[in-house]
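Some notes on the structure that comes next.
Taken together, the values in this text are just the output of simple stated rules run on the coordinates, not laboratory data. Note that the structure is a prediction, hence the values are computed from the model and not measured. Glycine also receives a Cβ, built like all others from the backbone with ideal geometry; neighbour counts cover every protein chain displayed.
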Amino acid sequence: MSEPKPIHRHDYRPPAYRVTDVELTFELDPAATQVKASLQLERHPQSGDDAPLELDGEQLTLKHIAIDGQSLANDEYALSDTGLTVYNPPRQFRLDTVVEIAPSENTALEGLYLSNGMYCTQCEAEGFRRITYYPDRPDVMATFATTVIGDRASLPVLLSNGNPLERGELPGGRHFVTWRDPFPKPSYLFALVAGDLQKVEDRFVTMSGREVTLQLWVEEENLGKTEHAMASLKRAMQWDEETYGREYDLDLFMIVAVNDFNMGAMENKGLNIFNSAAVLTHPHTATDAAFQRVEGIVAHEYFHNWSGNRVTCRDWFQLSLKEGFTVFRDQCFSADVNSAPVKRIEDVAFFRTAQFAEDAGPTAHPVRPDHYIEIGNFYTLTIYEKGAEVVRMLSNLVGWEAFRRGSDLYFERFDGQAVTIEDFVDCMAEASGQDLSQFMLWYSQAGTPEIDAYGEYDYANAEYHLTLRQRTPATPGQPEKQPLHIPVRLGLVGTKTGRDLALTLEGESLGSDGVIHLREAEQTFVFTDVPEAPVPSLLRGFSAPVQLRFPYGREDLAFLLANDSDGFNRWDAGQRLAMLALDDLIAAHRNGVEKVMDTRVVEAFRALLERGSDDKAVLAEMLTLPSEAYIAEQQPLVDVEAIHAARDFVKQSLAATLREDFLRVYEENVSEAPYAPEPDQIARRSLKNVALSYLMAIEDEQGIDIARRQFEADHNMTDVRHALTLLTHSSRDDLAAPALRAFGEKWAHDTLVMDQWFAIQVTRPQPDALDRVKHLMAHPAFSLKNPNKVRALIGTFANQNRINFHRADGEGYRLLADVVIELNRLNPEIAARLVTPLTRWQRFDESRQELMKGELERIRAEKLSPNVYEVIEKALA
Ligand code: TRP
Ligand code: ZN
């Protein structure tokens, strides 16, 4: 393949021709599906009469092409590997094409492919061009009528977007269904599904009184796993009506579960297609985390019907317009229907680990990128999660009411259009009357801003002086940065009372929990009438996606952990306190000095355990140490072994000293109640299981006994999986082997549970982990062609088993590169994602750097897909 060329945002031009209506007919066949397309086209008023018609098309075999019924001569059009050009078309015309495609050969899972004998499509971002010749860009919106023809016996169910119009029998044991979607849409929202599926049906009455039929389509064996997704869908529909005043617009909403899928799910109009892992649940097969993930993803895809489908993106540089906004919407939904502080803690813990790492690495890019080679590489934590943080900041800056007015304005003004991020922010500015021009830098500047904060209490004048200095580090292509508009929510906690003090800034009262606006590189905020020395509680609720440093002493942090009125910052104080202790222990390990546990951390944990909490889920989070990945993110240079040893040491020290408390907390939170994925039960289970993790860290007989009993009781997957993980990760093979065997045999028939079985084994800290990965790659339940399997086995190993992936001999790196090379041919989108850990080589010692770069070079020597090529070039630049 020749060197792929980047596409630049500033080169955007409107399409020369627009498509108004599309008629598609599919004659399904594994190796030779025929796709007939009839497009109604119109030249853009601003294009010249000599403008050629450019259509995208990849891996298509053209069988026929005609304009207004007239077949084209060879010199009237040209074909290339990436598309078709028609010379001198009329101003307005019908284009008919027939192409042949081979779904059974499609291992990339983009376009039309086969999964378990079932036909399905994935068109975002550029998959439609693998189905037919088309202007495959989001600013071309047309109405679609789709006829699906297939074998009646093997494909009894034939689905597409919109409403079914007509169905009937055809010769040769075939049948057909014709669907029509009345809403104009871009090609990336097209969907087709055909297979032997069963449905679960329900109803939802919208706020205007319309009845919508809800269908969940699954393979027969999964009929018992649909209840939670259906309930989640109804909750999401109601929430969007109550919160945004938006109701569903078609009479039918369908969700289909498929096993082979590159991402979580896809918001195709009226026909969402889901990775089965993102929709199927059962108390015996899915953990609490999986139940909550399903709820969030079902909501996310449903919410796209407005934030994405009715109003879509002008071009793919605007991807965060729909994704950032929709993630923000699903986060708010999940917070509303579960424990809000825990949702925030989980999201931020993940964000600060994974998105911060992305923003500090060679693939760092702004929330709105300026160029890309392969858009499939830009479905990133920055576009999704940082994009959501930016929308969250906007909503806090303008206030919820103005934000809601701004969103109404956005949906009304741009309904049925493909628009830009400016269009969205302009609506917010208009609705609030605020100037958001400096705020726009959040969309164009990459990198995590760093804030250094200093505070001083002036006793004589009863003032507190808070100085904030911001700096955004250089990122690839962006050496210089400008100061951002950063909202910092804060409180000043009185050291005598432990209460939030009233905030007065420049004569203005901010209440006891206020927001200050950092806009300059450095600013000092003087709070007056501060009656006692405070400890500042900064960046409450993670009010901006920044790294904030403040020279807290350990007493300050213990104080905030006990007293802060903001639940999120209470948790964060605990994390900061643990980090200080971990830093010392990492240094001790490196210097070969004996490790000594900081008693202040022990006492802080003891206090937490003794005091308990109204929100047990928050308590569980507070008792959880920062992950190795997060600790690594906070170090200037990652010392894999020292981090692992230090964290283990803290865990074991806490467990040894507070053993009785952990035992008590475990016992207090055991419950025999039938499983329900509801917040109170989830909270108890997570608290109990955190306690059990500590008990198992010292592997005492009582802890082992509890873990074994919890595993054998087989009450629900959350408890079983946690116990199995602890047994498998213990040093005792006599505990690990029989439990793994029993679990593997019991669930051999359930592909989603087997994914968990893979993940549990390859996160083992024992040195045999890498050999296990290799061994399990040969297991009959594993397949490189299934993205869930690849993620469960290889992705989990490379991302979550740091001590073994980063083995000093480089064997972990070699294994990952081998898989990436193979996947580069099979599934470029997945290959390009999987390689990520190797791209972070700059963070490690010299010897590991050389090993990682060596593997990247080895990949580079292959004939690469544009996806892998782009990532490798950035990583080695
Ligand atoms: N738009 C989908 C979402 O909600 C993302 C997605 C699903 C996707 N499948 C994909 C993106 C395949 C790229 C390729 O978030
Ligand atoms: Zn999305």
Do me a favour and compute the ellipsoid semi-axes for segment 78-134 from its Cα gyration tensor, root of five times each eigenvalue, largest one first, whole Å. 27, 11, 10
Near-label residues of segment 31-59 by backbone N, under 11 Å of a point 7 Å along Cα→Cβ of residue 102: 31-33
Two-site label geometry, residue 241 and residue 401: point separation in nm, points 7 Å out along Cα→Cβ: 2.5 nm
Output the peptides 840-852, 798-810, 283-295 sorted from most to least packed, where packing is the average of other Cβ atoms within 10 Å over each peptide's residues. 283-295, 798-810, 840-852
How about residue 853: which lysines have a C-alpha closer than 20 Å to its C-alpha, ignoring those fewer than 8 places off in the same chain? 863, 874
Once you order the gyration tensor axes a ≥ b ≥ c over the Cα atoms, which shape class does segment 769-871 get: rounded for a/c under 1.5, otherwise prolate or oblate by comparing a/b with b/c? oblate
Lysines whose Cα lies under 30 Å from that of residue 225, excluding same-chain neighbours fewer than 8 positions away: 199, 234, 269, 322, 343, 616, 688, 746, 785, 789
Mind jotting down the three principal axis lengths of segment 477-529 based on Cα atoms? Whole angstrom, largest first. 49, 22, 14
Evaluate E = 1/(1 + (r/R0)^6) for residue 506 and residue 606, where r is the Cβ-Cβ distance and R0 equals 56 Å; express this FRET efficiency to the nearest 0.05. 0.85
Once amide hydrogens are built 1.01 Å from N within the peptide plane, the residues lying 5 or more places from residue 115 or on another chain with amide H under 5 Å from its amide H are 120
I want to check the label-to-label distance for residue 713 and residue 513. Put each point 7 Å from Cα in the C-beta direction and report it in nm to one decimal. 3.5 nm
Compute the Rg to Rh ratio over segment 317-452 from the alpha carbon atoms, using the Kirkwood formula for Rh, and round to two decimal places. 0.96
Among 111, 254, 788, pick out the residue whose Cα is farthest towards the positive end of the charge dipole of the chain, where Lys and Arg carry +1 and Asp and Glu carry -1 on C-beta, about the Cα centre. 788
Please report the Cα spread of segment 450-544 along all three principal axes, rounded to whole Å, starting with the longest. 49, 26, 22
Within a 10 angstrom radius of the beta carbon, how do 725, 599 rank from fewest other beta carbons to most? 599, 725
Extension gain from residue 435 to residue 154, taking 0.36 nm per residue of separation minus the Cα-Cα distance: 95.2 nm
Could you name the lysines whose alpha carbon sits less than 17 Å from that of residue 595, not counting residues in the same chain fewer than 8 places away? 651
Calc'd 3J(HN,Hα), segment 554-560, phi into Karplus 6.51 cos²θ - 1.76 cosθ + 1.60 (θ = phi - 60°), Hz, glycine/Pro = x, comes to 5, 5, 4, 5, 4, 5, 5
Mark the label point 7 Å from the Cα of residue 87 along Cα→Cβ and return the residues of segment 23-55 whose backbone N is within less than 15 Å of it. 50-54
By how many nm would the segment from residue 732 to residue 465 grow when fully extended, if each residue of separation counts as 0.36 nm and the alpha-carbon distance is taken off? 90.6 nm
Convert each backbone phi in segment 366-379 into a coupling constant with the Karplus relation 6.51 cos²θ - 1.76 cosθ + 1.60 (shift: θ = phi - 60°), then list the ³J(HN,Hα) values in order as whole Hz, x for Gly and Pro. x, 4, 10, x, 9, 7, 8, 9, 10, 4, x, 7, 10, 8
Taking the reciprocal of mean 1/r across every pair of different Cα atoms in segment 585-707, the Kirkwood radius in Å is 15.6 Å
Going 7 Å from the Cα of residue 31 in the Cα-to-Cβ direction, what parts of segment 98-140 have a backbone nitrogen less than 14 Å from that spot? 101-106
Between residue 591 and residue 211, what length in nm is gained on full extension when 0.36 nm per residue of separation is reduced by their alpha carbon distance? 129.9 nm
Nearest 10 degrees, 0 to 90: helix 319-337 Cα axis against the chain principal axis: 50 degrees
FRET efficiency, 1/(1 + (r/R0)^6) with R0 45 Å, evaluated for residue 116 and residue 673 via beta carbons: 0.80
To the nearest 20 debye, the chain has a Cα-centred charge dipole, built from +1 on Lys and Arg Cβ and -1 on Asp and Glu Cβ, of 700 debye
Sorted from largest down, what three extents in whole angstroms do the Cα atoms of the chain have along their principal axes? 88, 67, 59
Quick one: what are the phi-derived ³J(HN,Hα) couplings along segment 573-579, Karplus 6.51/-1.76/1.60 with θ = phi - 60°, whole Hz, x for glycine and proline? 4, x, 5, 5, 5, 4, 5
With each pseudo-label sitting 7 Å past Cα toward Cβ, what's the residue 76-residue 422 distance in nm, one decimal? 4.0 nm
